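Working notes, beginning with the structure itself.
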Amino acid sequence: MTFATGTPYMTAGVNARLQKDRKFAEFVSRSWVRYMAQDWGNLSKSDKLMNDNAVKNGDDRIVARYNYGGGNDIYIITEYDRSLTTILFTDEY
């Protein structure tokens, strides 16, 4: 089952890091692919189940976390109305 992501955005912090660090850019790209495949990354089982239900029912936001390390872990969050998806550092949440 697929889900709409709306317009993709990233925070200025993620964008700046992406511009200067090719490995981080590759990590973000791989994380996006995982997200679209409904691999929610480093979340609890209950959070993963909530995401699965949100995809199925289309009635809640979807949140995934991917760990890069060194304070550069990211969230990818699709809003409940599927209007936009944001990539941000976990400390920007």
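With every protein chain present, what is the per residue accessible area of the chain (1.4 Å probe, Å²)? Could you put the intermediate results ahead of the total?
Working: 5480 Å² over 93 residues.
I get 59 Å² per residue for this part.
Determine the relative contact order of the chain: mean sequence separation of Cα pairs under 8 Å and six or more apart, normalised by residue count, in whole percent.
Working: 138 pairs, mean separation 32.0, N = 93.
Reported as a whole number, the value is 34 percent.
Could you give the length gained on full extension between K48 and N15, defined as 0.36 nm per residue of separation minus the Cα-Cα distance, in nm? Show your work: numbers first, answer last.
On the way: separation 33, 0.36 × 33 = 11.88 nm, distance 2.64 nm.
Contour length minus the Cα-Cα distance gives 9.2 nm.
Could you tell me what percent of the accessible area of the chain is made up of carbon and sulfur, with a 1.4 Å probe and every protein chain present?
Working: 2760 of 5480 Å².
Ligands and nucleic acids excluded, carbon and sulfur give 50 percent.
Just to confirm a number: summing +1 for Lys and Arg and -1 for Asp and Glu over residues other than A54 whose beta-carbon lies under 14 angstrom from that of A54, what do you get? Mind showing how you got there, number by number?
On the way: positive: K48, K56, R61, R82; negative: D47, D52, D59, D60, E79, D81.
With Lys, Arg at +1 and Asp, Glu at -1, the neighbours total -2.
Under 24 Å Cα-Cα from K45, which lysines qualify once same-chain neighbours fewer than 8 residues away are excluded?
K56
Please get the size of the charge dipole for the stretch 1-86, origin at its Cα centre, with Cβ charges of +1 on Lys and Arg and -1 on Asp and Glu, quoted in debye to the nearest 20.
On the way: 12 positive and 10 negative charges, 69 e Å.
Magnitude of the dipole: close to 340 debye.
The values are calculated or read from the model by the stated rules, or taken from the named source; none is laboratory data. Predicted model, so just to flag it, every value in this text is computed and none were measured. Methodologically, a virtual Cβ is constructed for each residue, glycine included, from the backbone with ideal geometry; neighbour enumeration extends over all protein chains shown. Each accessible area value is taken on the protein alone, full model and side chains, heavy atoms only, with ligands, DNA and RNA left out. Shrake-Rupley method; radii C 1.70, N 1.55, O 1.52, S 1.80 Å.
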